[in-house]
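These notes are about the structure you will find just below.
Nothing in this text is a laboratory measurement; each read-out follows from the coordinates by a stated rule. Please read all numbers here as calculations on a predicted model, not as lab measurements.
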Amino acid sequence: MKPAGHTVGIPQARMGSTRLPGTVLLPLLGQPLLAVLLDRLRPAQLVQSWVIATTDHAHDEAIENLASAMGFACYRGHPEDCLDRYYHAAREYAADHVVRLTADNPLVEAGFVDWVIEQYRQASPACDYASSGRSHTFPLVSRLKCFPLRNWRPHGEKTSPPAANTSPRSSTSIPSASRSKSFGLTTTGLNCAGP
């Protein structure tokens, strides 16, 4: 069993989506999509801090304003490097463990977040990466990942600009998890990867 440590949940949100610009602030049930998600995440018992990761583009100020109005922290970082934003948000908020999700999936809810964290903590043998999306057991709109920040340290520091659509840094998967040969995968309704 893993020690609890400080778990930080980091939804990634930006206005510059190429598929549907402004997605996270579009209305859903009379509220911005991001507000719906944050209301659903707030009751999670196993997450000590929530931090919205967005870009330092001026148009993403609206995301920071919404997060602040709802009592959530916000980290603003590199406009093109999603991995860099996640990593530095996690470091700035002293994460031992990270829960990664995207703000355009508003159906994720606190109980499911806690369940994934619990599976990650209780996995035997211990796992270094838990994902609700690798086995396609759960719907796309409920994908999230949990892993220790230490898995990022060798890869997370910014070394060069990301190449558009070719670098793993344009993705939000942790670099070590993308090298599946480094991990043994097991399935218990959730995929866990370990040493």
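Please list the non-local residues whose amide H lies under 5 Å from the amide H of T102, H modeled 1.01 Å from N, same-chain partners needing a gap of 5 or more.
Counting only residues 5 or more places away or on other chains, the set is Q12.
Per-residue HN-Hα couplings for the stretch 111-122, Karplus 6.51 cos²θ - 1.76 cosθ + 1.60 at θ = phi - 60°, whole Hz, x for Gly and Pro?
x, 5, 4, 4, 5, 5, 4, 4, 4, 4, 5, 8
Going by Cα centres, the stretch 79-110 and the stretch 1-57 are how many Å apart?
Rounded to whole Å, the Cα centres lie 8 Å apart.
Given H placed on each backbone N at 1.01 Å, which residues far from D128 in sequence or on other chains put an amide H within less than 5 Å of it?
Result for D128 returns A193, G194.
Using alpha carbon coordinates only, what is the Rg to Rh ratio of the stretch 65-145, with Rh defined as the Kirkwood radius?
Ratio of gyration radius to Kirkwood radius: 0.98.
Could you pull out every residue, at least 5 positions away or on a different chain, whose amide H is within less than 5 Å of the one on I52? Hs are placed 1.01 Å off N in the peptide plane, and Pro or chain starts have none.
A73, C74, Y75
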